[in-house]
Amino acid sequence: MAKVLILASNMGLWAEELSAPWDVLTAAGHDLTLGTFKGKTPLPLAFSMNTESVDRKLGTKIVPQHAFERTKALLESGAWDNPVTIGTVQSPAGPLTGIPDMSAWDAIVIVGGQGAAVDLSGNHKVHALLVEAWQNNKVIGALCYGVGALAWARQPDDYKKSIVHGKTIVAHPKEWDYDMNIFYKLYNETPENPSPDFTTPGFMYPLRAVMEGAVGPEGTVISPPETTRDHPCTHYDPPFVTGLSVESSQAFGEKVAEALASGQSSAN
């Protein structure tokens, strides 16, 4: 059994991108801890909980009935209630130090959704956790726009280089990036856990281009727009497991489980 820290967005989670890996890793017997920016339940984007939703780039329905039902059941069960606040995942030296602490976990996994680009990818505390995991050779997983956090997690001895420099990483295809306004309406929002009050002109950044810069000329970015549920896209280049988008959520969870089973992690 491994202990896995899963980070999800409070600004707009894509439902299946958490529920599928969550179920795979739970079934594999791992101990999961959920973390969010606000320390509140990560609510899915309403769009990702509507079985009639059509992807505006692909023109196809993208929310299977089973994904909706499973996420709804997980939310109602309270499984995602009371997550840890990312900013409190710190060293036992004390809460005022701000030092990240991954010693309690064997792996860190960041899932996607448009909100991941808002409160996870550019979050310096997330970067610090990723760097510590990388320094200790722990499994690091990222799915869809959660992959962006890897680009800005920098090597301590060479800030010009990301921790994924020279690696093979999967990234959301440029052809799939929304270039129309995105609204962050959340499913089952409450006054205590409301939808973000903003709109963005498409995705926050072009992930494929960002990752190409992060891996550098020695690395490779895999980004096939022909990816489907029948032919998902994930890759494991130790210690990194990356997945393309929602259609690869199940396969991503399985790949993380495989990486953990391989003995890649080295928790203290």
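The values are calculated or read from the model by the stated rules, or taken from the named source; none is laboratory data. The structure presented is a predicted model; accordingly, all values stated were derived computationally and were not measured. For neighbour counting, all protein chains shown are included, and Cβ atoms are generated from backbone atoms with ideal geometry for every residue, glycine included. Keep in mind that these areas ignore ligands, DNA and RNA; they rest on the heavy atoms of the full protein, side chains included. Shrake-Rupley method; radii C 1.70, N 1.55, O 1.52, S 1.80 Å.
Overview of values
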{"item": "Fluctuation leader among Y187, Y236, Y159 - the chain, Gaussian network, Cα springs under 10 angstrom", "result": "Y159"}
{"item": "Probe 1.4 Å, protein heavy atoms only - accessible area per residue of the chain in square angstrom", "result": "42 Å²"}
{"item": "The chain shape via C-alpha gyration tensor axes, a/c threshold 1.5", "result": "rounded"}
{"item": "Solvent-accessible area, 1.4 Å probe, carbon plus sulfur percent, for the chain", "result": "52 percent"}
{"item": "Computed over region 1-49, Kirkwood Rh from alpha-carbon pairs, angstrom", "result": "11.3 Å"}
{"item": "Three-way shape call for region 157-268 based on the alpha-carbon gyration tensor, with the a/c threshold at 1.5", "result": "prolate"}
{"item": "The chain: most fluctuating residue of T51, T60, T88 per GNM, C-alpha cutoff 10 Å", "result": "T60"}
{"item": "Neighbour net charge for T234 - beta-carbon separation under 12 angstrom, K R +1, D E -1", "result": "-3"}
{"item": "With all protein chains modelled, accessible area of R56 [1.4 Å, Å²]", "result": "110 Å²"}
{"item": "Most mobile listed residue (T26, T199, T168) in the chain, GNM with C-alpha springs under 10 Å", "result": "T199"}
{"item": "Shape call, region 95-226: gyration tensor on alpha carbons, a/c limit 1.5", "result": "oblate"}
